[in-house]
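Colleague: For reference, the structure I am asking about is given below.
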Amino acid sequence: MAEHGMGIDASEKSALLDKRIDCLDKGFVRLIDVMGDDASIVQAARVSYGSGTKKVHEDRGLIRYLLRHAHTTPFEMVEFKFHVKLPIFVARQWIRHRTANVNEYSGRYSEMKDEFYTPSIQDIRPQSVSNKQGRSDETLPDGMAEQAADAFKKGQDDAYAQYQEFLEQGIAREIARINLPVSNYTEWYWKIDLHNLFHFLRLRVDAHAQYEIRVFAEAIAELVKPFVPHAWEAFEDYILNAHRMTAPEMKVMKYLLQSLTMPSDEQLAELGLKGREAVEFKDKMQGLFSQDNP
């Protein structure tokens with residue numbers, strides 16, 4: 001690792017570039033190119049914060065301060081480009097994140113491949129009662145998942161056979177493809193800055209995200225972490241593993257905490273809050289219990 005953990009050296013970068021992580025049954029994620037690292041975030045921040053900032057913050061502390069207070073522009077100075085092979089239905093979810101540059105395989109110019117995603121038996125589950133857009137943790141009655149998997153495969157085979165027949169008859173590729181299912185695999189190049197990548201990962205590595213897209217998000221996370229270790233640490237602490245609170249929830253917290261005392265600085269440090277973060281926490285608590293806060 002490079003000095004002070006601000007990035008990776010050339011040999012480590014070379015090992016990660018073009019590294020392929022397989023996803024699902026036929027998909028993958030490959031890291032194609034990277035621009036920037038933790039040092040790039042610090043460099044960009046100090047343009048706006050001034051050279052004197054170096055005396056106040058260490059680099060790690062500055063990165064954590066920026067993300068903690070949602071000063072996200074410096075994180076846009078780091079970019080990652082990936083080559084991804086994924087089922088079309090995953091791509092349709094993925095493309096909802098409109099803050100990236102995408103170039104996708106074209107079924108108009110090229111013949112669609114005979115590659116389809118079929119979920120494993122254990123991943124074919126009933127609809128969740130509590131989550132309208134997800135599957136439950138329960139299993140289907142005996143044999144039903146196997147029957148569904150066989151039906152998926154037969155439908156895919158039939159659709160692709162018809163597609164090939166259309167092509168042989170001279171029907172244009174752009175028309176012949178229209179009955180192919182969304183389980184068909186596609187590929188794209190996807191380039192995104194770190195700020196928007198963090199937003200993508202916050203939503204897609206979450207346990208509530210659909211399993212099939214979560215697999216790809218976890219692969220991307222594995223490839224990104226070594227390039228921005230300080231930023232990733234801050235992302236985990238302040239976004240990925242953090243929780244927002246609404247105004248009504250804050251009122252409840254105020255009620256619950258009224259009889260408690262503020263921990264000492266030593267106790268806060270033992271719990272992971274020290275220095276500037278401890279000061280900010282105490283300011284929040286004072287604001288929570290102020291007379292002006294209902």
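Rule-based calculations on the coordinates, nothing more; no lab input. Predicted, not measured: the structure shown is a model, and the values here were computed from it. All Cβ positions, glycine included, derive from the backbone under ideal geometry; neighbour counts span all protein chains shown.
Colleague: Using only Cα atoms, tell me the angle between helix 211-224 and the longest principal axis of the chain; keep it within 0 to 90° and round to the nearest 10.
Modeller: With both axes taken from Cα atoms, the answer is about 60 degrees.
Colleague: Of the cross-linked pairs LYS26/LYS191; LYS19/LYS113; LYS19/LYS274; LYS81/LYS153, which ones have a Cα-Cα span greater than 28 Å in the structure shown?
Modeller: Too far apart for the 28 Å limit: LYS19/LYS274; LYS81/LYS153.
Colleague: Go through 209-216, 130-137, 249-256 and give me the packing order, highest mean Cβ count within 10 Å leading.
Modeller: Ranking, from highest mean packing down: 209-216, 249-256, 130-137.
Colleague: Here is a follow-up. Can you work out the FRET efficiency for the pair THR261 and ASN241, with r the C-beta to C-beta distance and R0 = 25 Å, to the nearest 0.05?
Modeller: Step by step, r from the Cβ atoms, then E = 0.45.
Colleague: Round to the nearest 0.05 the FRET efficiency obtained for GLU138 and GLN210 when R0 = 22 Å and r is the Cβ-Cβ distance.
Modeller: Efficiency, rounded to the nearest 0.05: 0.85.
Colleague: Using the per-residue mean of other Cβ atoms lying within 10 Å as a proxy for protection, in what order, highest first, do the peptides 153-163, 263-273 fall?
Modeller: With the highest mean Cβ count within 10 Å placed first, the list reads 153-163, 263-273.
Colleague: Follow-up. Could you point to the label whose value was computed as mean projected area of the Cα convex hull in nm² for the structure here, given [x] 21.5; [y] 16.5; [z] 17.3?
Modeller: Here mean projected area of the Cα convex hull in nm² agrees with entry [x].
Colleague: While we're here: Search the structure for amide H atoms under 5 Å from the amide H of CYS23, placed 1.01 Å from N in the peptide plane, and list their residues when 5 or more places away or on another chain.
Modeller: The list, which skips near neighbours in sequence, is PHE28, VAL29.
Colleague: Now a separate question. Give the aspartates and glutamates reachable from LYS254 as a straight Cα distance under 20 Å; neighbours fewer than 8 places away on the same chain don't count.
Modeller: Those aspartates and glutamates meeting the cut-off are GLU280, ASP283, ASP292.
Colleague: Let me ask you something else. Roughly what angle does helix 144-168 make with the longest principal axis of the chain, taking Cα atoms, 0 to 90 degrees, to the nearest 10?
Modeller: 60
Colleague: Among residues other than LYS19 whose Cβ falls under 14 Å from its Cβ, what is the net charge (Lys/Arg +1, Asp/Glu -1)?
Modeller: 0
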